[in-house]
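A.B. asks: Below are the structure tokens for one structure; questions will follow.
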Amino acid sequence: MHRAANRAADATAGRIVTMTDRAEPDDSRLIGIADVARRIAIPPATLRAWERRYGLLRPSRTIGGHRLYDAGQVAMLAWIGSRVRQGSRVGDAIRLWRARDQVAPEIHGDGVAVGIRNRWITACVRLDEAGADAALGDGFARFPVEVVIRDILQAGLADIGEAWRRGEVTPHQEHLATAVATRRIEVLVAAAPPPSRPGRFWCACAPDDLHSLPPLLMTLMLRRAGWSASTLSGNVPETGFSVLVARERPDVVVFTAQHLRAAVGLARAAHELAAAGVPIGFGGGAFVRLPALCAQIHGTYLGDAVLDAVSGATSLIGQSARPIEHPPGDTIGPERHVRLLAALWRRLSGHVTPGVVVDAADALRNVVDTFAVFGAVEGLPSDLSGLSALVGLRQDDETLSAIAAAYAEAADEVIGSPAASAVEYLSRIATSRPDA
Ligand code: B12
């Protein structure tokens, strides 16, 4: 175990850092005002006005006179933009940025954040908790909270998640990273000033979702903007929650969903909650990966970035929830899942271990549930590696193909025609060639 962890640490320290470094040339590219405006959701005219009125920055120019911004300038504008969206006056946000600048001029250096991120990742992978915490402490001492969250924690966790998917990092290392990050964010939540605005938010993981950091981050951003917000994290069950919401009547419920299973659970939970008349905002990796799902959730999509979701969430106060056209269909349910597991085992025993069959049944039920709850979703992957990434099932292509074919047959046997679309999809994937 020790040797394995060290090997993973070395592999990860090498590979993850390489991945991060690969992002650097991109970050050093100069981009035009339209791209900046799109990235940070501030119109070009406003950016020009800030430059004129506050002498905010002096971007370089093309020969034709068009503005060009570097990564540091974009980060600064994004930071100021997010402050303004949270209710600060633009002059105050710029003063705050400049004050930090005088204390720590090197904070613009993107390389510094990348260095801290790599230190943090390496410490997590070596299970060096003190080192991981020290790296984050360093980050918070040098950078605004939003920069630490986006450029160190979020980017670092994405690297760790990818390394897990490639089999280079174990859940122990992932857990340590989340635990160290969570502790720091919880301290910030606790230190936020008392609410100065009237709305009350509940931020919850969708049913079946254990990724507790996103709702905690949402809570932090809302609290820092002066709202009352609480985290009900980690796998809020479908049953009972709507009763609680109807009784306590928060102004808005924000749901986060990081994978397909959670999106399926959210579709059903949001539909049930609709009767309570409390507006629902939602977001998360499931919708970033499959945007077509957004239209199928009874609520308002808050965008692709949790740090920028405050204004969307607060604009929901007093609004009625946006209804969806069709109620979500039924999921497989526990009894059929067990029968599917047995049918899958009959087909795969002798080829793979029982553990692989259990993982496969857990992962692929999500495909059947997705078709049952949402119908045919635009953008579903069309090859084995896409399927593997979508449902989080890690196997080589040959094994995956056998598993997908066996599950399609099992679903046909146990569920029959209601699962016809999912069966057809899985059979097609089982014989697919890699996407170009
Ligand atoms: C930590 C982690 C775990 C921990 C969670 C512990 C905890 N207490 O939170 C544990 C080990 C439990 C775990 C389990 C699993 N995980 Co996990 N996990 C992660 C990891 C590394 C970090 C997640 C995180 O907190 N990120 C921080 C957030 C803020 O950043 P982000 O996720 O990039 O979010 C961005 C957007 O999506 C958006 N966003 C996110 N939430 C919200 C919410 C709102 C309202 C808005 C507006 C926007 C928004 O904002 C961010 C950009 O600003 C990710 C990797 C990754 N890329 O994130 C995998 C990841 C999410 N996990 C994944 C998987 C597959 C799983 C498992 C299914 C693995 C398994 N087979 O058991 C289980 C599922 C468990 C469950 N029932 O939920 C996959 C999901 C892929 C997919 N296609 O579905 C990922 C992406 C890893 C990967 N590369 O494959 N996981």
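A.B. asks: Which condition does Trp227 not pass, out of (1) among the hydrophobic types (A, V, I, L, M, F, W, C); (2) within 20 Å of Val310 (Cα to Cα); (3) within 12 Å of the ligand (Cβ to nearest atom), if it passes all the others?
C.D. replies: (3) is the only condition that Trp227 fails.
A.B. asks: Looking at segment 307-323, is at least one residue surrounded by fewer than 24 Cβ atoms within 10 Å (Cβ to Cβ) and within 30 Å of Ala411 (Cα to Cα)?
C.D. replies: Scanning segment 307-323 turns up no residue that is surrounded by fewer than 24 Cβ atoms within 10 Å (Cβ to Cβ) and within 30 Å of Ala411 (Cα to Cα).
A.B. asks: Scan segment 206-226 residue by residue and report those that are crowded, with 24+ Cβ neighbours inside 10 Å, among the aliphatic types (A, V, I, L, M) and not in a helix (DSSP H, G or I).
C.D. replies: The one that is crowded, with 24+ Cβ neighbours inside 10 Å, among the aliphatic types (A, V, I, L, M) and not in a helix (DSSP H, G or I): Ala206.
A.B. asks: Working only within segment 382-394, note down all residues that are within 12 Å of the ligand (Cβ to nearest atom) and crowded, with 18+ Cβ neighbours inside 10 Å.
C.D. replies: Leu387, Ser388, Leu390, Val391, Leu393
A.B. asks: Looking at (1) within 10 Å of the ligand (Cβ to nearest atom); (2) touching a helix residue (DSSP H, G or I) at 6+ places or on another chain (Cβ under 6 Å), which one does Phe201 not meet, given that it meets all the others?
C.D. replies: If we test Phe201 against (1) within 10 Å of the ligand (Cβ to nearest atom); (2) touching a helix residue (DSSP H, G or I) at 6+ places or on another chain (Cβ under 6 Å), just (1) comes out false.
A.B. asks: Continuing with this model, one more query. Quick check: anything in segment 264-273 outside any helix (DSSP H, G or I), in contact (Cβ under 8 Å) with a residue 60 or more places away in the chain, within 16 Å of the ligand (Cβ to nearest atom) and more than 30 Å from Cys124 (Cβ to Cβ)?
C.D. replies: no
A.B. asks: Is it the case that some residue within segment 171-185 is of a type outside the set (Gly, Ala, Ser), away from the ligand (no atom under 11 Å from the Cβ), loosely packed, with under 15 Cβ neighbours inside 10 Å and over 30 Å from Val377 (Cβ atoms)?
C.D. replies: yes
A.B. asks: Mind counting the residues in segment 278-306 that are near the ligand (Cβ under 10 Å from one of its atoms), in contact with an Asp or Glu (Cβ under 9 Å, 6 or more places away or on another chain) and not β-branched (Val, Ile, Thr)?
C.D. replies: Total satisfying the criteria: 6.
A.B. asks: Tell me which of these Leu393 doesn't satisfy, since it passes every other one: (1) free of Cβ contacts under 8 Å to residues at least 40 places away in the same chain; (2) in a helix (DSSP H, G or I).
C.D. replies: (2)
A.B. asks: Name the residues in segment 45-88 that are among the aromatic types (Phe, Trp, Tyr) and assigned to a helix (DSSP H, G or I), would you?
C.D. replies: Trp50, Tyr54, Trp79
A.B. asks: Another question about this same structure. Of all residues being small (Gly, Ala, Ser) and at pLDDT below 95 in segment 314-354, which is farthest from the ligand (Cβ to nearest atom)? Just the residue, please.
C.D. replies: Looking at residues that are small (Gly, Ala, Ser) and at pLDDT below 95, I get Gly350.
The values are calculated or read from the model by the stated rules, or taken from the named source; none is laboratory data. Keep in mind it's a predicted model, so treat the numbers as computed, not measured. Cβ atoms come from the backbone with ideal geometry, glycine included; neighbour counts cover every protein chain shown.
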